[in-house]
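Below you'll find the structure, written out as structure tokens, and then a few comments.
Derivation of every value follows stated rules applied to the coordinates shown; laboratory data play no part. Since this is a predicted model, take the numbers as computed values, not measurements. With ideal geometry, Cβ positions are generated from the backbone for all residues, glycine too; neighbour counts draw on all protein chains shown.
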């Protein structure tokens, strides 16, 4: 199982568990990609009517899915053990509540190609003894998780499992495929959902509720009249009489408002005089103004040159 000179190292165990989670996650993603590629290949085989080749190809998909299920459980166990490393460091024997977790990781380290899980196994063996690791690797106590134990063992799937998986792939890829082999066809028909015959309730055969009356025939409540509601006793019927303090007919004009014909005449309009006109200001000669002669200016320029 390992070298007896190995000593327990708490920090190394924690680091190996964290790296083991990363390695298992990479393995899971790789298998997911392989499943996607294999489904496309099976869809091509179903389109071509190659039933036997599809039955062989689907075995790898089933094994990949089983591996992914087991790896997801192992990732959970490694994360749990990573949180409880301090408890392992202070214990002389394997804690009972961690027995399944530790033995499952040790057993899986012999089935999965992961260097990190092997180092975890050796580190735990240095703590609890290598006989403990040997018993866990062989599952002598039967403490290994049943899901991991069953899913990591590569076995040939039975005929029914392969037929159901091909039917799922055909439904996912929207391929109308029917098996030619009569036994496979019977298995396919036994797993087909019943066809819908109308509405939602008819397709699922839901019985009608007994406490609901038929539609459009709901009886009125006992304390509520069905029709022709009687008016209140204190509410008058017919033509309502006008209020006593409200005059009827032609309303008389107010006493302080004269009739239109007796209005006083308008005052006479007065004409406004036109604005006064202002004469233009007389021009005042500028004593400093001097009229220049062009000829004299040209002579001055010539002299300057």
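Inter-label distance, residue 113 to residue 149: 2.7 nm, where each label sits 7 Å from its Cα along the C-beta direction. Label-to-label distance, residue 90 versus residue 32, with points set 7 angstrom from Cα along the beta-carbon direction: 3.8 nm. The spread of Cα positions in the range 10-159, taken along each principal axis and listed from longest to shortest, comes to 63, 28, 21 Å.
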